[in-house]
Structures are given as structure tokens and as C-alpha cells.
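*Asks:* Just dropping this structure here.
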Amino acid sequence: MHFMDKSTSLPMIDEMSPVQRPALLDCSPEQLQFWLKERGQPSMRTRQIRRWILQGRAESFAAMSDLPRLLREQLTGCFRFWSTAIERHLVSADGTHKLLLKTHDGHLIECVLIQEDGRHTACISTQVGCGMACVFCASGLNGVERNLTAAEILEQLIRLRNLTPPDRRLTHIVVMGMGEPLANLDHLLEALAVATDRHGLGISARHVTISTVGLPAKIRRLADLKKQYHLAVSLHAPNDSLRTEIVPTNWHTGIAAILDAADYFFQQTGRQVTFEYVVLGGKNDQPRHARQLAEILRGRKAHVNLIPWNEVRDLSLQRPRPQDLSGFVEQLRRHGVSVTVRHRKGADIDAACGQLRRDFSQQVQTYPHSPAKPLPS
């Protein structure tokens, strides 16, 4: 972290090299105001600068046309505009965009823009990699390397928003990318506070979904904040023995504790909890699994979102057969469980979370002197 004190002064950033200089979003409004005051600028410049980034779609300091030229030059000399660089920009035939971003310290993260039925949904990451080691997920194949900063999380939203038509904006956020969101809850909440502020990205809190593998203490902490964020719990199995095979961290939590925490979230917020269930062919997709799932959800105001597995190279799992998936849905509905099946998006652009990052990293390691070029957008 470049800053000495989160609330007041900055170090001597004028003397830093361009690589060392902090990204502007790493600077709190209070720090930016202090920096501006030292240069004889009025406090209103803080609002102007942040408005250009958060609402004006500026992608450089030079584009901030209502700022004095000298100030734009000073900003350019003291800050990096972005904390990340775009390594890949892929566009699917269905209009889905996927960005592979490189952080200032060389790590790779992914984010996705899904566009359909008038919605513009951003799917964002919260960590570099993931420590949950779910057997079906490419994000966790190499473990977790670090948490993302609040600025790195917010910047994903801004970059994806900037891909929408000029007269449109992001309508929804799903925190379902790389990493376990509740393991980086403080930074996530800081980023979402800006995203949902009317002077920020202006996205309704009720249109934000936070997905978690199930960290009971963190779910309860989120519940106590009484935010109107939607909670999605990645269940993936109806009993502890199978869930521990699929989600290894289950051995020290257990389904009962997760369900109790989800019940508490509903009690505190009034928001129905969604239980996500990645359907793995021959693993968790049989009628008995559906009946067990219906049993543990009995009496709860809950919704099940079935997600047919997206293939990940290097993993030997299978997508469910159509007849098994439809049978699973039928069993749940027969037992009174609300259920939907997630429609697959971006299948032609490595839509499985973490797959693009993994493929790019392997390519660079194989051809270290032949940097890959971004695909046209």
C-alpha cells in the first residue's frame, strides 16, 4: 500500500517512479482533497475528479476537460489513472464481454459483462485466485495469492460500465468471479459503498448479489449490517459427505451451520437467500440428491439456482445429461422448491471463472518472449 495514513496525508508521491505512483482510486476522497489543498486547489476539485471517473467515463486525466490544464498535468505526474491494465478483452457472439486484467504487481484477475433483456450485469472478482479449492472451479486450481483492494474491485465495475453504450449503465452486480467474497469482506463493502452511492455508480443495493461458499461468521456479520444486498450461498450438495468432496472447506463448517447463518441473514434483512448448485454429471445430479436437497430446504424461504457445469480444461468432471438436469428440476418442484436453471453465457470466450487467467498464464510461461496480443473488441 502506498499510503502512510488512510485518512490524511500522502507520502512524497511526486518523487516516485510512474510504476510506484498510486492509482487515483487507491486514494480516499480525504487524501485527494488534502493533496489538492497543498497545490492551492479548492475542495470542489475532489468531487469533479471523482465524478469524471465514476460517472463521466473518463479514461485519462487529460479527458477531464473542466479541470485546469496545470492540474491535469500534476495529476498525470503524481498518480496512475488505472490500478490495472487490460491484458485481454474477449467478446462473445452473445454480447458477453470478458476482461483479463493485470494488477500493478503482475497478478491476473477476471471480470465479465453480461448483457441481455435490457440488463447490464457486472460479474467481478475479489481475490487473486481462490483458497476454497472447489473441485469444479478453475479459479482455485493454484490457490489464493492475495485479496484485491477496494480500488481494484471498484475498477472492475468502472471498466465494465465503460463497455456499455453511452446512454446505458450497469444495472446489476454479481460478486461471483475469482475468490471468496466474504474472505475479503472489508474491501468488498468499501467498493460496494461507492458502487451503490448516487454520486458513485448509482446501482441499487437490491441489485447486488454476493455469492459465498458459506462462511457462517461472515454471513452473520453481513446480515448485521442490514444492507439490502442479495446473498447467494454456493451449496453444491445436499449432504456433508458429498459437499466435502466437492467443497473441501466444508469439513470445518458443515451444511447445518451454513443454513443457520443463511436463516439469520433472512431474519435480519428480509431478503430471500438463493442456494447455488453447480450440477456435475453423475456426481450430484441424481433424483436422490434432489430429494435430499428439498428436505434440507424444507420450511425455508429460499430459491435454488441450478448451474450446469462449465467445462474446465485439466478437470475430468462432466456436464450433466439434459435428462438428468430436467429430472432434478422436476424432483425439486414436486417437493415445493423454487428453482431456476442458469442459462449459459459467453461459452465461446472461456466463460468458466478463472479459465482465461489460467490459459493466459500457461501461454506466457510456454512462450515467454512472445507476448500475446489482445483480441479485438
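*Asks:* Within the range 185-202, is even one residue farther than 21 Å from THR149 by Cβ and either touching a Leu at 6+ places or on another chain (Cβ under 7 Å) or of a type in the set (Ser, Thr, Tyr) (or both)? Break it down into steps so the answer makes sense when it comes.
*Replies:* Restricting attention to the range 185-202, the residues satisfying the condition of being farther than 21 Å from THR149 by Cβ are 198, 202.
Filter again for either touching a Leu at 6+ places or on another chain (Cβ under 7 Å) or of a type in the set (Ser, Thr, Tyr) (or both), leaving none.
Taking every residue of the range 185-202 in turn, none turns out to be farther than 21 Å from THR149 by Cβ and either touching a Leu at 6+ places or on another chain (Cβ under 7 Å) or of a type in the set (Ser, Thr, Tyr) (or both).
*Asks:* Name, by its number, the condition in (1) buried (at least 20 other Cβ atoms within 10 Å of the Cβ); (2) without any contact (Cβ under 8 Å) to a residue 60 or more places away in the chain; (3) out of contact with any Phe, Trp or Tyr (no Cβ under 6 Å at 6 or more places or on another chain) that does not hold for SER241.
*Replies:* (1)
*Asks:* Give the range 252-263 a look and list any residue that's surrounded by fewer than 16 Cβ atoms within 10 Å (Cβ to Cβ), in a helix (DSSP H, G or I) and modelled with pLDDT of 95 or more, or say none.
*Replies:* Step one: of the range 252-263, the residues surrounded by fewer than 16 Cβ atoms within 10 Å (Cβ to Cβ) are 252, 254, 256, 260.
Filter once more, keeping what is in a helix (DSSP H, G or I): 252, 256, 260.
Passing the criteria: ALA256, ASP260.
*Asks:* Which fully enclosed strands (runs of 3 or more DSSP E) of the range 105-205 have 3 or more residues being basic (Lys, Arg)?
*Replies:* Working: elements: 108-116, 119-123, 127-129, 144-147, 172-175.
Of the strands (runs of 3 or more DSSP E) lying wholly inside the range 105-205, none has at least 3 residues that are basic (Lys, Arg).
*Asks:* Right, here's the next one. Starting from residues that are without any contact (Cβ under 8 Å) to a residue 60 or more places away in the chain and of a type in the set (S, T, N, Q), keep the ones in the range 264-305 and report whichever is surrounded by the most Cβ atoms within 10 Å (Cβ to Cβ).
*Replies:* Looking at residues that are without any contact (Cβ under 8 Å) to a residue 60 or more places away in the chain and of a type in the set (S, T, N, Q), I get ASN284.
*Asks:* Return the residues of the range 130-150 that are surrounded by fewer than 23 Cβ atoms within 10 Å (Cβ to Cβ) and within 13 Å of the chain's Cα centre (by Cα); say none if nothing qualifies.
*Replies:* Within the range 130-150, ASN147, THR149, ALA150 qualify.
*Asks:* Can you name the residue in the range 306-352 that is of a type in the set (A, V, I, L, M) and modelled with pLDDT under 90 and, of all such residues, is surrounded by the most Cβ atoms within 10 Å (Cβ to Cβ)?
*Replies:* ALA351
*Asks:* Of all residues in the range 113-138 being among the charged types (D, E, K, R) and at negative phi, which is modelled with the lowest pLDDT?
*Replies:* Checked the range 113-138; the qualifying residue modelled with the lowest pLDDT is GLU116.
*Asks:* Right, something else. For the range 212-250, what are the residues that are assigned to a helix (DSSP H, G or I) and touching an Asp or Glu at 6+ places or on another chain (Cβ under 8 Å)?
*Replies:* PRO216, ASN250
Yes/no matrix, rows are residues, columns are (1) modelled with pLDDT of 95 or more; (2) touching a Phe, Trp or Tyr at 6+ places or on another chain (Cβ under 8 Å); (3) surrounded by fewer than 20 Cβ atoms within 10 Å (Cβ to Cβ):
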site: ASP26; (1), (2), (3): no, yes, no
site: TRP35; (1), (2), (3): yes, no, no
site: GLY40; (1), (2), (3): yes, no, yes
site: ARG47; (1), (2), (3): yes, no, yes
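*Asks:* What is the one condition in (1) surrounded by 15 or more Cβ atoms within 10 Å (Cβ to Cβ); (2) touching a Gly at 6+ places or on another chain (Cβ under 8 Å) that ARG169 does not satisfy?
*Replies:* Unmet for ARG169, out of (1) surrounded by 15 or more Cβ atoms within 10 Å (Cβ to Cβ); (2) touching a Gly at 6+ places or on another chain (Cβ under 8 Å): (1).
*Asks:* Among the residues of the range 67-100, write down those that are outside any helix (DSSP H, G or I), of a type in the set (A, V, I, L, M, F, W, C) and touching a Phe, Trp or Tyr at 6+ places or on another chain (Cβ under 7 Å).
*Replies:* Correct list: PHE81, LEU100.
The values are calculated or read from the model by the stated rules, or taken from the named source; none is laboratory data. No experiment lies behind these values; they were computed from the predicted model shown. Using ideal geometry, Cβ is built from the backbone for each residue, glycine included, and neighbour counts are taken over all protein chains shown.
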